[in-house]
Amino acid sequence: MKCLNRARMEEFILEEATPVSGQGSYVQHCAHCQALMTEVRQEQEAWSQALYPERLTEEFTRQVMTSLADVPIEPAAEEDEPDTIVLRKRVRSPFIRRAALAAACLLIIAAALTLYAQPSIADWVRSIFARDNVASDSGLLDARKLGLVQNPHIKVKDKGYTLEIDEVVVDPIRIIMGVKITDPHGKPVVNEVDWSQVTVKDTEGREVAKLHPLGGSAVIENVWSLLSDGVQSDTLTVEGKINQIGNEYFSKRIVKGHWNFKFTLDMKQASALTRVTPLDQKYTTPDGLHLQMEKLVRTPSGVRLELSTSLDEKAKSRSSGLPWEKQELAFHFEDEQGNIISSVDGDGTGPTYAMGMPQRVVKSDQVRWSYTFTYLPYDQKKLRFVLDNYTIPIHSDGAISFTPQDVNDHPVTFKDQGDMIRLSGFQIGQDPNYQEKKVAGLISMTGTFTNGFNQDEWVLRDQDGNEYPIDFRGAVQMGKIREADGDPGFIVEGLTALPEKATLIRKVTDKWYNNINWSFELPKGEPIKGLENVNPEDYWEAP
């Protein structure tokens with residue numbers, strides 16, 4: 001079972017799924033899902049307090065009373081109602097009294113609307129730059145500071161649903177836009193559109209981005225993409241052909257229609273502000289991974305690091321025939337005091353401003369990488385690049401033999417290359433990866449890994465030499481030590497009966513290498529005018 005995304009977690013909370021249900025049990029035992037659930041609940045509570053306060057603020061009351069200051073009032077004549085106030089009866093016309101009361105009501109409504117229109121609430125609700133919406137994306141706020149927010153004025157309606165796009169930020173490394181969709185009752189609709197139906201093309205008609213959702217708020221959905229390396233275009237054309245609102249898997253209602261749009265974005269100003277800093281450092285790890293640093297690209301909304309990797313002959317032999325390009329690098333940037341500024345796949349000891357997954361392009365025997373950061377101030381201070389570790393799939397032959405019938409009562413432990421896996425149960429049951437009835441071997445397991453695990457390949461061999469491929473289903477908690485918790489764990493595909501004897505074999509290890517000692521100081525980059533002394537903490541602390 002896979003971890004829930006943000007949209008599904010919101011539905012999970014609203015449906016009050018119980019821990020005894022299949023999904024509820026998974027969420028209860030998955031650290032990632034538990035953290036996301038806490039985050040979503042806190043966000044919902046914040047919305048509740050902001051939009052539905054228990055009482056009006058003192059400032060709101062003061063504004064209303066000030067507005068009524070010029071309306072003459074006096075205590076009522078009746079002695080038995082000393083606390084009643086009435087309009088002074090200069091003219092005893094009921095119409096005048098009704099008009100005065102109506103005016104007072106209008107003043108109250110106007111004051112409430114004015115309060116709602118203040119940036120602290122309205123901007124939070126309706127903008128991609130809302131404090132909770134933008135999270136820690138200082139690069140997006142930098143772009144706004146430089147005036148790079150474009151408004152395509154998109155508003156299309158069909159079947160009672162309205163789609164609006166009023167805020168788009170684009171520069172040579174990424175595009176992000178805020179989309180607001182409302183239903184026939186004006187209620188916001190989020191996470192209900194397949195954004196692959198939207199294309200982003202340059203002036204030559206080449207597609208340069210694939211859009212996907214990136215969180216947002218209860219009103220605005222952020223849709224974004226990193227741009228392909230080397231986009232050289234004065235304009236980008238965004239065209240959407242949305243024909244459905246609703247998801248077949250999660251939505252209670254699916255609406256067919258046409259919400260098509262098309263607009264052009266100007267890239268000239270953002271491109272003119274872009275700065276490029278060449279890098280020429282090289283390094284080869286003790287186990288044969290070559291790194292060639294290429295350049296840093298500073299744009300108004302962030303920084304992109306470009307580099308390439310390749311393998312020497314010994315490293316190639318260890319990964320021969322395997323997806324060697326599915327490497328993962330871990331590194332960080334630190335200041336002169338050793339404080340971590342930005343990191344990729346670190347251990348969580350410092351802030352990370354890495355933006356999405358890295359882009360990688362395989363060319364012959366080389367992998368070209370692009371890592372994007374919302375904040376990397378190498379144009380303001382001395383920073384050092386530090387390579388921490390990396391993983392790469394290699395051939396392996398770790399194995400353990402056991403009797404499947406005995407595992408339930410006598411668990412066994414697989415040990416190999418610093419990894420430990422405890423097998424605590426073995427049965428034949430329904431394969432959870434298929435809706436139709438399909439049986440498989442189900443092995444309950446928990447494990448701790450120093451290696452990567454994601455690219456591992458496992459098989460089960462029975463007493464007759466037959467091998468069955470193994471799939472993993474469960475949760476993996478990342479960190480220096482990765483923890484795996486099966487749900488049910490190892491799924492032995494095609495196994496319909498417990499074998500008398502079995503051997504669990506790991507044929508491929510997602511090998512983790514940390515015997516590295518390499519770093520270098522980044523050359524000081526040319527700052528972008530207007531962002532010379534920007535500190536992201538200033539954005540978060542601003543009222």
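Can you confirm whether VAL407 is open to solvent by less than 20 Å² (accessible area, probe 1.4 Å), more than 30 Å from ASN515 (Cα to Cα) and either β-branched (Val, Ile, Thr) or within 33 Å of the chain's Cα centre (by Cα) (or both)? In short, yes. In the range 501-542, of all residues being open to solvent by less than 10 Å² (accessible area, probe 1.4 Å) and among the charged types (D, E, K, R), the one that is modelled with the lowest pLDDT corresponds to ASP510. When the range 281-319 is limited to residues that are part of a loop (DSSP other than H, G, I, E, B) and at pLDDT below 95, the one that is farthest from the chain's Cα centre (by Cα) turns out to be PRO300.
State whether one or more residues within the range 250-263 are without any contact (Cβ under 8 Å) to a residue 40 or more places away in the chain, open to solvent by 20 Å² or more (accessible area, probe 1.4 Å) and assigned to a strand (DSSP E or B). Checking the range 250-263: at least one residue is without any contact (Cβ under 8 Å) to a residue 40 or more places away in the chain, open to solvent by 20 Å² or more (accessible area, probe 1.4 Å) and assigned to a strand (DSSP E or B). For LEU329, the test of being assigned to a strand (DSSP E or B), at negative phi, buried (at least 19 other Cβ atoms within 10 Å of the Cβ) and among the aliphatic types (A, V, I, L, M) is passed.
Put simply, of SER196, SER271, SER233 the only residue that is open to solvent by 30 Å² or more (accessible area, probe 1.4 Å), among the polar types (S, T, N, Q) and free of Cβ contacts under 8 Å to residues at least 40 places away in the same chain is SER196.
With respect to (1) farther than 30 Å from PHE385 by Cα; (2) touching a strand residue (DSSP E or B) at 6+ places or on another chain (Cβ under 6 Å); (3) outside any strand (DSSP E or B), the lone exception for GLU500 is condition (2). How many residues are at pLDDT 70 or above, within 16 Å of the chain's Cα centre (by Cα) and open to solvent by 10 Å² or more (accessible area, probe 1.4 Å) if we restrict to the range 132-147? Result for the range 132-147: 1.
Applying the criterion of being assigned to a strand (DSSP E or B) and aliphatic (A, V, I, L, M) to the residues of the range 401-428, the residue that is nearest to ILE443 (Cα to Cα) is LEU423. Yes or no: VAL297 open to solvent by less than 40 Å² (accessible area, probe 1.4 Å) and out of contact with any Lys or Arg (no Cβ under 7 Å at 6 or more places or on another chain)? When the stated conditions are applied, VAL297 does not pass them.
Condition first: touching a residue at least 12 places away in the same chain (Cβ under 8 Å), touching a His at 6+ places or on another chain (Cβ under 9 Å) and either surrounded by fewer than 20 Cβ atoms within 10 Å (Cβ to Cβ) or aliphatic (A, V, I, L, M) (or both). Can you find one or more residues in the range 202-209 that meet it? No, there is no match, as no residue in the range 202-209 is touching a residue at least 12 places away in the same chain (Cβ under 8 Å), touching a His at 6+ places or on another chain (Cβ under 9 Å) and either surrounded by fewer than 20 Cβ atoms within 10 Å (Cβ to Cβ) or aliphatic (A, V, I, L, M) (or both). When VAL179, VAL200, VAL168 are checked against the criterion of being closer than 25 Å to GLY302 by Cα and over 20 Å from the mean Cα position of the chain (by Cα), a single residue qualifies: VAL200.
In the range 150-175, the residues that are farther than 11 Å from PHE263 by Cβ reach residues that are charged (D, E, K, R) and open to solvent by less than 20 Å² (accessible area, probe 1.4 Å) with C-beta atoms within less than 6 angstrom, at least six apart or across chains, in these pairs: ILE173/ARG304. Taking the criterion of being under 22 Å from ARG304 (Cβ atoms) and either open to solvent by less than 10 Å² (accessible area, probe 1.4 Å) or touching a His at 6+ places or on another chain (Cβ under 7 Å) (or both), the residues of the range 166-193 that qualify are VAL168, VAL169, VAL170, ASP171, ILE173, ARG174, ILE175, ILE176, MET177. Do we have any residue at all in the range 423-430 that's touching a strand residue (DSSP E or B) at 6+ places or on another chain (Cβ under 8 Å), under 27 Å from PRO393 (Cα atoms) and open to solvent by 60 Å² or more (accessible area, probe 1.4 Å)? Within the range 423-430 (the criterion being touching a strand residue (DSSP E or B) at 6+ places or on another chain (Cβ under 8 Å), under 27 Å from PRO393 (Cα atoms) and open to solvent by 60 Å² or more (accessible area, probe 1.4 Å)), the answer is no, since none of the residues qualifies.
The values are calculated or read from the model by the stated rules, or taken from the named source; none is laboratory data. The structure presented is a predicted model; accordingly, all values stated were derived computationally and were not measured. For neighbour counting, all protein chains shown are included, and Cβ atoms are generated from backbone atoms with ideal geometry for every residue, glycine included. When the accessible area is computed, the model is the full protein with side chains, heavy atoms only, and any ligands, DNA or RNA have been set aside. Shrake-Rupley method; radii C 1.70, N 1.55, O 1.52, S 1.80 Å.
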